[in-house]
Amino acid sequence: MAEHQGDGHDPLRRFVDTIGATGLASLPARIAFRWRHIHEFEDVGDDRTRVIDRVETPIPPLALRPMFAYRHRQLAEDLAAHKQAADHGLRAATVAVTGSSGLVGSALSAFLSTGGHRVIRLVRHAANDANESGTRPIPIRICSSASTRWCTWRVPRSRAGSPTSTDAQSATVESVLPAG
């Protein structure tokens, strides 16, 4: 697991992370090698940014090249998707995500938050921070494809004394959005 290093943070220009020093998930990597990753960003004009990854590690550069090719390709695709959404009028929203600690949910949460959306992780325990909800129901917006333009708002209602019950009922309100 990566740990962000506050001393290497320069807003809009750079952030640095290293192999985590705590937790069992980081133990094999900490034992095997050291890793310091410097993420740098340069404005190159015309609404473009150069992304530069510098890694201090004993791992040979040839072994890292496929990983960084994938990461840069994924970043370009994510940025294109965010631009397309903005071009079609999508504005920042608050989005509730279930399964946010899983493989798909964690990637979706990261994608949405980098697109400017506020992500609330729905959890089965008491909320640990403002980005989690586990103690009170919140409205959840579920939208169809852009062509039909309808949304359903679900407000989970749990049984008395069990605010996070998995067998909670839901109240539903549907709304039709104007064609955009």
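Worth a mention:
- When each of Arg91, Arg118 is tested for being touching a strand residue (DSSP E or B) at 6+ places or on another chain (Cβ under 8 Å), closer than 25 Å to Leu12 by Cβ and either modelled with pLDDT under 90 or of a type in the set (Lys, Arg) (or both), the lone residue that passes is Arg118.
- Test set (1) modelled with pLDDT under 55; (2) part of a loop (DSSP other than H, G, I, E, B); (3) in contact with a Ser or Thr (Cβ under 8 Å, 6 or more places away or on another chain) - His125 fails condition number: (1)
- Applying the criterion of being assigned to a loop (DSSP other than H, G, I, E, B) and surrounded by 11 or more Cβ atoms within 10 Å (Cβ to Cβ) to the residues of segment 128-147, the residue that is modelled with the highest pLDDT is Asn131.
- Screening segment 61-119 for residues that are among the hydroxyl-bearing types (Ser, Thr, Tyr) and part of a helix (DSSP H, G or I) and picking the one that is nearest to Arg34 (Cα to Cα) gives Tyr70.
- Flag for Ala69 being among the small types (Gly, Ala, Ser) and not assigned by TED's automatic domain parsing to the domain that holds Leu12: no
- Taken as a whole, the structure leaves Glu77 outside the set of residues that are charged (D, E, K, R) and surrounded by 13 or more Cβ atoms within 10 Å (Cβ to Cβ).
The values are calculated or read from the model by the stated rules, or taken from the named source; none is laboratory data. It should be emphasised that the depicted structure is a prediction, and the values quoted were computed from it without experimental measurement. Note: ideal-geometry Cβ built from the backbone for every residue, glycine included; neighbour counts use all protein chains shown.
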